[in-house]
Amino acid sequence: MTIWRACKRERGCNFETYFRQKRKRGLEGLRVKQYELAMKGDRVMLIWTGKQWLGQKEPRTVHEVSGPKGGPVTVNVDDVLDLTKLSGPELEAYEVLLRKAAGKGASR
C-alpha cells in the first residue's frame, strides 16, 4: 500500500491535496505560535522559525561603490586573476587561503 492509495481511501482526496491542506493549517498554527512566543519574549525561536518556514529573511544592506567624484569604477582586466591557469590542488590551496583570510577557517 502506498501513501497515495491510503490517502485516497481514508481521506477521499489525492495526496497532494491532503498535503496542501495540512501544510496550510500547519503554517497558520506556526504564525499563531510565533505571536504567542513573541508575547513571551522568545526572539531566537521566532527568528529561526520565521526564516525556515515562513520565508522571512534579514534585510540586505546594499553598498554602492563608485569611482572618483562619483564616477564609474575602472577595472583593469589585466589585474583580474585567471584561475583557469591553476591546477585542482592549487585551486584548493587558494580556497583555503581565501577562507582563512575571511576569518572562516580552513575547513569546508
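One line per residue, one yes/no per condition, for (1) part of a helix (DSSP H, G or I); (2) at pLDDT 85 or above; (3) of a type in the set (G, A, S):
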| position | (1), (2), (3) |
| --- | --- |
| E28 | yes, yes, no |
| V32 | yes, yes, no |
| Y35 | yes, no, no |
| L46 | yes, no, no |
| P59 | no, no, no |
| D78 | yes, no, no |
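Does V65 satisfy the criteria of being outside any loop (DSSP other than H, G, I, E, B), of a type in the set (V, I, T) and free of Cβ contacts under 8 Å to residues at least 24 places away in the same chain? It is false that V65 is outside any loop (DSSP other than H, G, I, E, B), of a type in the set (V, I, T) and free of Cβ contacts under 8 Å to residues at least 24 places away in the same chain.
Condition check ((1) charged (D, E, K, R); (2) surrounded by 11 or more Cβ atoms within 10 Å (Cβ to Cβ); (3) within 30 Å of T2 (Cβ to Cβ)) across all residues:
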{"position": "T17", "(1), (2), (3)": "no, yes, yes"}
{"position": "K24", "(1), (2), (3)": "yes, no, yes"}
{"position": "E28", "(1), (2), (3)": "yes, no, yes"}
{"position": "V32", "(1), (2), (3)": "no, no, no"}
{"position": "L37", "(1), (2), (3)": "no, yes, no"}
{"position": "D42", "(1), (2), (3)": "yes, yes, no"}
{"position": "T49", "(1), (2), (3)": "no, yes, no"}
{"position": "G71", "(1), (2), (3)": "no, no, no"}
{"position": "G103", "(1), (2), (3)": "no, no, no"}
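The values are calculated or read from the model by the stated rules, or taken from the named source; none is laboratory data. Everything numeric here is computed off the predicted structure, so don't read it as measured data. Every residue, glycine as well, gets a Cβ built from its backbone with ideal geometry; the counts of neighbours run over all protein chains shown.
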